[in-house]
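Structure, as structure tokens:
Bear in mind that the values in this text are calculations on the coordinates, not laboratory data. Not measured: the values here are computed from a predicted model. Glycine also receives a Cβ, built like all others from the backbone with ideal geometry; neighbour counts cover every protein chain displayed.
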Amino acid sequence: MRIDVLTIFPDYLAPLGLSLIGKARGRGLLDVRVHDLREHTTDAHRTVDDTPYGGGPGMVMKPEPWGAALDAVVARGGGAVPRLVVPGPGGMPFTQLLARELAAEPWLVFACGRYEGIDERVIEDAATRMRVSVVSLGDYVLNGGEVAALAMVEAVARLVPGVLGNAESLVEESHVDGLLEYPVYTKPPVWRGLEVPPVLVSGNHAAIREWRHGQRLRRTAARRPDLLHASEALGIEGLGTLVATAGDAAELGTLQRACWVSEAMANDSLDIPSLTESMETVRQGLGEWRTWVVRDSGRLVASVRGRVSPDDPQTWEIGRLMVAPDLQGRGIGRALLDFAEGAAPEGTTTLWLNTGRGSADNLRRYKRAGYRILAGEGRYPGTVDLTKRRRP
Ligand code: SAM
């Protein structure tokens with residue numbers, strides 16, 4: 001990947017020679033070039049700023065040096081066209097998603113402004129020749145674009161294949177899937193009287209995965225609730241209060257149909273109770289099961305239900321675990337499953353659920369949550385039953 005940075009303070013970018021980015025440059029994975037904007041001035045004072053039209057405080061960066069500098073950089077691209085990133089507090093927020101998008105570009109040019117910013121026509125003119133993105137590091141004002149460019153180059157470059165020694169470390173990081181990372185620990189096991197959470201030294205990988213996922217949800221809810229869909233925060237905090245009533249039946253029935261279409265496709269059958277049952281049956285189910293619903297801004301977005309098995313008082317049945325299709329993949333379903341398991345009453349020893357034999361995604365999820373498929377046909381034709389021991 002090629003990265004050009006235009007600035008009036010080239011020395012500010014010296015850290016790009018250090019650490020992993022420096023090494024990646026040495027290995028030829030990154031071609032980083034820093035240019036002094038003043039090289040493209042034509043007066044003896046190498047002027048890059050002037051007073052603003054319309055009056056007001058401060059100075060504005062003149063368009064001519066910027067135009068010439070960009071032309072010169074592009075001219076050395078052998079016909080390729082870069083994507084221009086202009087750091088600015090009024091730009092789109094820089095996020096991990098954008099970092100990923102930028103990491104897929106072969107060539108980025110960063111234009112670091114100073115003073116009150118760059119004459120707007122520079123951006124207009126560049127946009128006729130290349131893709132331009134004004135990008136903000138956050139809702140605060142820096143003195144110049146260099147710190148922002150450093151941060152963005154680092155976040156982008158570490159996503160370029162080969163830059164990080166261990167690509168695995170990119171998988172579970174904060175913001176990768178919208179959640180923050182779980183807390184991490186290393187030796188010694190006790191430090192200043194503080195112990196490492198026992199599950200991490202248990203050697204039980206399923207339990208560790210479960211603990212870490214819970215920590216990610218908890219930490220995100222506590223520190224960055226804005227990142228969590230409100231329903232996800234509810235999934236761990238206040239779900240118990242949201243027991244469904246008959247008034248929820250119509251929305252539950254609608255959500256069921258939306259959620260079970262994919263099951264119909266996976267099992268090549270439309271004959272699935274959740275998909276076909278009448279509103280009356282949904283209402284009846286509310287009487288036979290304890291059903292919890294998750295609402296976000298009034299909208300019913302997820303639900304699960306549980307009951308002690310009518311045939312076996314030691315079995316807690318979990319059913320109708322559903323998350324609106326547009327909100328799947330955010331951990332809501334997992335949080336709901338944890339919740340429904342936790343709602344199993346004293347005296348039950350087995351957790352039970354049922355899914356389509358062809359529902360590969362569900363089967364994978366349930367297996368990951370510790371369930372095992374029972375041999376033979378499940379409760380309904382074309383389904384399998386799954387169970388796991390309830391932890392007291
Ligand atoms: N007058 C500008 C405004 O209010 O939008 C602020 C100019 S700021 C003092 C000077 C330069 O710092 C900007 O042109 C930009 O390059 C950089 N800068 C400041 N805050 C930034 C932020 N939050 N994200 C990215 N770049 C920023």
- Item | Where a residue in segment 315-332 is on the phi > 0 side of the Ramachandran plot and its partner, wherever it lies, is not aliphatic (A, V, I, L, M), with Cβ under 6 Å and at least six apart | Arg320/Arg305
- Item | Selected residue (criterion: nearest to the chain's Cα centre (by Cα)) from residues of segment 294-330 that are small (Gly, Ala, Ser) and surrounded by fewer than 24 Cβ atoms within 10 Å (Cβ to Cβ) | Gly329
